[in-house]
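The values are calculated or read from the model by the stated rules, or taken from the named source; none is laboratory data. Since this is a predicted model, take the numbers as computed values, not measurements. Quick reminder, even Gly has a Cβ in these numbers, built from the backbone with ideal geometry, and neighbours come from all protein chains shown. Just so you know, the surface numbers come from the protein's heavy atoms only, side chains and all, with ligands and any DNA or RNA stripped out. Shrake-Rupley method; radii C 1.70, N 1.55, O 1.52, S 1.80 Å.
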Amino acid sequence: MRDDGATTMPPRSAPSRPPPWEALSLVANFLDAASLAAASCVSTSWHAAFSDDHLWARLCRCHYPSAIGLLPLYNNVNAGDRCSSPHRRLFALFHAAASRGRSLPAPRLALDDVTFAIDLFAAGGKNTLSFAVAASDAGVKKAPGGVFQFAVDVSDRNAVAGPGKHWSVRWTAVRTGHGVAPAAAIVMMDAKVPASRAGALSCGVRGEAWATVALPAPGCGGGKLEAEVVVEVSGEDRLVEKVRIGVLLDCRYVSVDAGLRYLQHFLL
């Protein structure tokens with residue numbers, strides 16, 4: 001404070017100097033990958049210090065040691081395409097793969113692209129029920145994440161399965177889509193449904209009979225998926241009320257996406 005009452009500004013401190021080059025190299029050895037990447041974006045000198053390949057080699061050996069085995073591949077590329085920091089590139093590649101986890105890509109097929117065709121035959125071989133329905137209109141059951149199970153109400157068709165030891169059912173999945181003629185198909189099931197599973201039904205009493213068959217594996221390897229068809233009937237004549245279809249894995253319905261991924265192997 002001056003005698004005349006005027007205030008004086010405190011002296012300004014000298015601007016801080018950037019850390020010397022040697023300090024950057026020392027600090028870099030203690031940084032993790034995220035810090036190294038962020039620091040290398042500060043300036044040209046920091047980029048040179050924090051992008052040194054030996055720093056990323058240490059991180060590769062620590063987190064993804066198997067990636068080191070890919071280094072010789074970088075020596076086989078043209079000189080103009082070689083990377084100045086192959087360890088950093090390998091670390092970024094493996095880290096991105098680990099961050100994605102094991103999640104599968106979204107199916108290229110949608111419910112709007114699929115139509116289900118169902119044929120039901122009585123014990124004597126007579127066709128008692130046939131229909132085709134778009135998968136998106138087939139009453140997919142909405143569980144957490146959605147499961148690949150569909151239910152079609154056919155109570156207004158007066159279809160009678162009739163007596164006998166078994167009925168026959170054929171389920172075909174067809175690729176259609178809006179304004180697209182049927183382009184590909186796969187038979188999901190062609191099997192016999194034991195009628196006895198529905199039980200002894202009197203007037204007004206409902207029961208259901210079902211069949212499951214193993215689905216063909218897409219490509220090589222054994223398939224664990226199963227197709228299921230459930231026929232809901234009522235009364236002594238076995239009037240067909242509803243048909244349910246779905247895909248199972250270890251006795252549980254797969255998700256809608258998993259079912260579509262399976263179908264696209266055959267329909268696309």
Probe 1.4 Å, protein heavy atoms only - accessible area per residue of the stretch 187-268 in square angstrom: 49
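Considering only protein heavy atoms and a 1.4 Å probe, what is the carbon-and-sulfur percentage of the accessible area of the stretch 156-200? Write out the running numbers ahead of the final one.
Details: 1320 of 2480 Å².
On the stretch 156-200, the fraction of accessible area on carbon and sulfur atoms equals 53 percent.
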Charge dipole magnitude, Cβ of K and R +1, D and E -1 - the stretch 203-268, Cα centre, debye nearest 20: 220
Relative packing of 44-51, 169-176, which averages over residues the other C-beta atoms within 10 Å, highest first: 169-176, 44-51
For LEU225, residues with placed amide H under 5 Å, excluding near neighbours: LEU215
Long-range HN-HN contacts of GLU236 with modeled amide H, under 5 Å: CYS203, GLY204
Long-range amide H partners of ALA159 with built H, under 5 Å: VAL240
